[in-house]
Ligand code: BDR
Ligand code: CA
């Protein structure tokens with residue numbers, strides 16, 4: 001079975017790894033890349049996304065989306081994690097291909113109307129494009145098959161504040177809109193992604209199997225690995241963004257639990273994803289909130305092999 005997806009992204013090194021995996025896997029049909037600010041400013045995210053398409057020989061639409069959080073000033077970016085160029089200071093030749101002229105939100109709506117009930121929205125950056133698409137087309141939840149998100153921290157600490165993960169923290173008000181919508185949403189947060197460190201050996205395998213795509217990921221990951229390896233003895237990094245894509249095709253690798261979710265938008269709880277498993281609270285703040293699926297575990301070895309096998313194709 002082939003899964004039609006739109007990949008909403010802020011490339012980003014783990015975004016690049018995830019995008020190439022999606023391109024490589026025969027059961028994933030990427031209708032387009034929609035970009036958003038996050039790791040880098042949105043203009044850079046869009047240019048980086050087209051460049052990744054060029055590197056992979058993919059001629060698909062790439063759109064530029066929201067460049068600011070729903071509320072508040074322009075974000076600070078994560079160049080200290082992803083490098084000045086978003087690709088670990090490897091500075092690949094930027095593609096000169098034009099972007100699709102539509103906004104990311106409009107592209108999502110157009111595709112959802114064209115393929116009603118068929119598309120999974122896979123969001124691996126802050127959630128402004130999805131929130132805007134929901135505002136522009138309130139029936140969007142009925143038009144898509146589901147939503148898979150890399151973001152949040154349900155039962156573990158955050159990575160930006162003690163309680164918030166970066167994608168949700170970057171645009172907490174947008175995330176609150178997206179998590180409150182009536183659609184089938186599965187969250188791949190730090191609960192599952194930080195359980196799964198990837199080693200230099202893994203990067204070597206990707207590069208051996210595919211010198212162009214794996215080689216790119218390996219080179220770009222050196223800077224990213226230095227960031228993640230501070231304060232530990234081994235060298236590792238985390239490919240957060242590839243998890244929702246792996247789940248699309250191999251859900252049996254994951255343990256998923258249900259809960260009702262609220263997203264914090266205050267000063268202290270900004271971006272916190274507070275998940276109440278069924279029956280754990282009587283508070284209407286949660287009992288009347290949307291139920292989502294939260295990934296809590298993954299089979300690490302099989303996940304690695306899935307990525308390696310796809311890069312080898
Ligand atoms: C998320 O934030 C970004 O740095 C990554 O690309 C990923 O989407 C992890 O918290
Ligand atoms: Ca990302």
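The values are calculated or read from the model by the stated rules, or taken from the named source; none is laboratory data. All figures in this text were calculated on a predicted structure; none of them were measured in a lab. Cβ atoms come from the backbone with ideal geometry, glycine included; neighbour counts cover every protein chain shown.
Would you call residue 38 more than 12 Å from ligand 2 (Cβ to nearest atom) and at pLDDT 95 or above? So residue 38 fails the test.
Of the helices (runs of 4 or more DSSP H) lying entirely inside segment 100-190, those containing at least 3 residues that are buried (at least 20 other Cβ atoms within 10 Å of the Cβ) and within 15 Å of ligand 1 (Cβ to nearest atom) span 128-136, 166-170, 172-180. All conditions in (1) surrounded by fewer than 19 Cβ atoms within 10 Å (Cβ to Cβ); (2) over 17 Å from the mean Cα position of the chain (by Cα); (3) at pLDDT 95 or above; (4) within 15 Å of ligand 1 (Cβ to nearest atom) hold for residue 83, with the sole exception of (1). Assess whether residue 24 counts as being over 24 Å from residue 207 (Cβ atoms) and either more than 16 Å from ligand 1 (Cβ to nearest atom) or touching a strand residue (DSSP E or B) at 6+ places or on another chain (Cβ under 6 Å) (or both). No.
In this entry, residue 203 is excluded by the filter for residues that are at pLDDT 95 or above, outside any helix (DSSP H, G or I) and crowded, with 16+ Cβ neighbours inside 10 Å. The single condition among (1) surrounded by fewer than 20 Cβ atoms within 10 Å (Cβ to Cβ); (2) touching a helix residue (DSSP H, G or I) at 6+ places or on another chain (Cβ under 8 Å); (3) in contact (Cβ under 8 Å) with a residue 60 or more places away in the chain that residue 59 does not satisfy is (3). Any chance segment 291-299 includes a residue that's surrounded by fewer than 16 Cβ atoms within 10 Å (Cβ to Cβ), free of Cβ contacts under 8 Å to residues at least 40 places away in the same chain and more than 22 Å from residue 121 (Cβ to Cβ)? Within segment 291-299 (the criterion being surrounded by fewer than 16 Cβ atoms within 10 Å (Cβ to Cβ), free of Cβ contacts under 8 Å to residues at least 40 places away in the same chain and more than 22 Å from residue 121 (Cβ to Cβ)), the answer is no, since none of the residues qualifies.
Conditions tested, residue by residue: (1) away from ligand 2 (no atom under 16 Å from the Cβ); (2) at pLDDT 95 or above; (3) outside any helix (DSSP H, G or I).
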position	(1), (2), (3)
5	no, yes, yes
11	no, yes, yes
15	no, yes, no
32	yes, yes, yes
52	no, yes, no
68	yes, yes, yes
75	no, no, yes
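Conditions (1) in contact with a strand residue (DSSP E or B) (Cβ under 9 Å, 6 or more places away or on another chain); (2) within 16 Å of ligand 2 (Cβ to nearest atom); (3) at pLDDT 95 or above, marked per residue:
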site	(1), (2), (3)
209	no, no, yes
232	no, no, no
259	yes, no, yes
263	yes, no, yes
274	yes, no, yes
286	yes, no, yes
302	no, no, yes
309	no, no, yes
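Sub-6 Å Cβ pairs linking a first residue in segment 70-92 that is without any contact (Cβ under 8 Å) to a residue 40 or more places away in the chain to a second residue that is away from ligand 1 (no atom under 16 Å from the Cβ) and in a loop (DSSP other than H, G, I, E, B), at least 6 apart or interchain, are 74/68, ordered by first then second residue. For residue 216, indicate whether it is at negative phi, more than 17 Å from the chain's Cα centre (by Cα) and more than 14 Å from ligand 1 (Cβ to nearest atom). When the stated conditions are applied, residue 216 passes them. Is it the case that segment 39-48 has a residue that's away from ligand 1 (no atom under 16 Å from the Cβ) and farther than 23 Å from residue 214 by Cβ? Looking through segment 39-48, at least one residue is away from ligand 1 (no atom under 16 Å from the Cβ) and farther than 23 Å from residue 214 by Cβ.
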